[in-house]
Each structure stands twice: as C-alpha cells, then as structure tokens.
Amino acid sequence: MSVLEEDLRPNWATVAAGCVAIAVVSAALLPWPIAVASTVLGGLMIAGADVDARTFLLPDVVTWGTAACGILAAAALNQVNPWLAGGAAFSRALVTALVLASLRWCYARLKECEGLGFGDVKLAAAVGAWLPLKAIPLCFGLAAGGALMTVLFARLRGETIDASMKIPFGAFLCPALWLVFYASVLPP
C-alpha cells in the first residue's frame, strides 16, 4: 500500500475549525502565553490525528514539529530559568521516545511483527517535551483507553476483532496530549 504525499496532508478545514475552538477555550481560561502554546499544540495534534486516522502514518512535520515546539514552549514559558526548562523538556522527550522505542522493539521481537510505528515513537518524544513527568503516564493511559473503547465499540457493532486489526494509535495519542497539557496548565 503506497501512501501519496497528498494523503499525508491534513484536512485544512478541520484543522482551522479545531484551532479556532481550541483558541477560544484556551484564551478563555489560560494566561495568554500559555493559551498561544495550547493553540499551537492543539493545531498540530488535530493535524496529526486527522492524518493518522486516515493513513496509519504520522507526518514527520507533525511529530518532530510538535517535539521542537514543546521544547521551545517550555523554555519560553519559564521566565525564571528558560535554559533549564528547555533542557528538562528535551530530556523528557528523549527518555519518553526511548521507552516507547524499547517497547516497540520488544514487541517486534516477541511477536515477529510491528506493533507500533516509528511515528508513534516520535510522537512520544513530543509527549515528553510538552508534559511534566508525572503527566506522561496519564497521557498514554488516556490514549490507550480511547483506543480500547474504539475496539470495544467495533466489536459491539459486529466487526471482527483479531490480531491483524490495525489501530491508528496516534489518532488517540494526539488528542490525549493536548487534553493532558491543557489540564496540567489550568490555573487552580
């Protein structure tokens, strides 16, 4: 199956409408620099989820772009010590990607087939860049729960569920990342 470059482009109407909604929600409840970061992250995550849901691929511009924006946002949003915040975001991104890459490798060795794509590993780096350490497991749990509910509903509709069924995990991880980021920066 060959995916054309055009297929890796998001539906711009969906991205624009989603960005407007996220910008409104972010501006209403967050201080402006964090609202801008939330809107940028939200737009990237809408684009990533849209493409992954259709193609089972996450474009590099989304995954690497989100990771880079997360590191830059961490530095920009920390006025006390931006270099330390950026370095911590980079470290979390690296460790999170390495953990998911290790999981990918172990699954492939045990099952002799791919379970996670490299796009998911790169998106894991973005998760690490944007979220505090304690929120990372929540993000992956929320994404896995959403994927599990989708499989459950497919089964209830009578669809055949077997080991060969493909699930676009990025389509669940993208909204989970934005939701957990948004919840983590909400003022008390």
With labels modelled as points extended 7 Å from the Cα through the Cβ direction, what inter-label distance (nm, one decimal) is found for A53 paired with A154? 1.4
Straight-line reach only, C-alpha to C-alpha below 16 angstrom: list the lysines that K111 could link to, leaving out same-chain residues fewer than 8 apart. K166
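Taking 0.36 nm per intervening residue step and subtracting the Cα-Cα distance, what contour gain separates A183 from M165 on full extension? Numbers along the way, then the final one.
Values: separation 18, 0.36 × 18 = 6.48 nm, distance 3.19 nm.
Full-extension gain reported as 3.3 nm.
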Overall dimensions of the stretch 98-164 as given by Cα atoms, namely Rg and Dmax in Å: 14.1, 40
For a quick check, take a GNM of the chain with Cα springs below 10 Å and name the residue from L110, L177, L41 with the largest mean-square fluctuation. L110
(1) 54; (2) 34; (3) 43, with the label sought being that of the calculated percent of Cα pairs over 23 Å apart: (3)
How far, in nm, would the chain grow between W32 and A16 when pulled straight, counting 0.36 nm per residue and subtracting the alpha carbon separation? 3.8 nm
Extension gain (nm, one decimal) between L138 and L110, 0.36 nm per residue minus Cα-Cα: 7.5 nm
About the Cα centre of the stretch 3-76, what is the dipole size in debye to 20, counting +1 per Lys and Arg Cβ and -1 per Asp and Glu Cβ, all else neutral? 260
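Suppose R0 equals 45 Å. What FRET efficiency, 1/(1 + (r/R0)^6) with r the Cβ-Cβ distance, do L103 and V80 give to the nearest 0.05? Present the calculation step by step, with values, prior to reporting the outcome.
Values: r = 35 Å, r/R0 = 0.77.
Using R0 = 45 Å, I get an efficiency of 0.85.
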Cross-link reach from K134 to lysines, straight Cα distance under 21 Å and at least 8 residues apart if same chain, gives K122
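Any read-out appearing in this document is the output of simple, stated calculations on the displayed coordinates, not a laboratory observation. Keep in mind the model is a prediction, meaning the values are calculated, not measured. Reconstructed Cβ throughout: ideal geometry from the backbone, glycine too, with neighbour counts over all protein chains shown.
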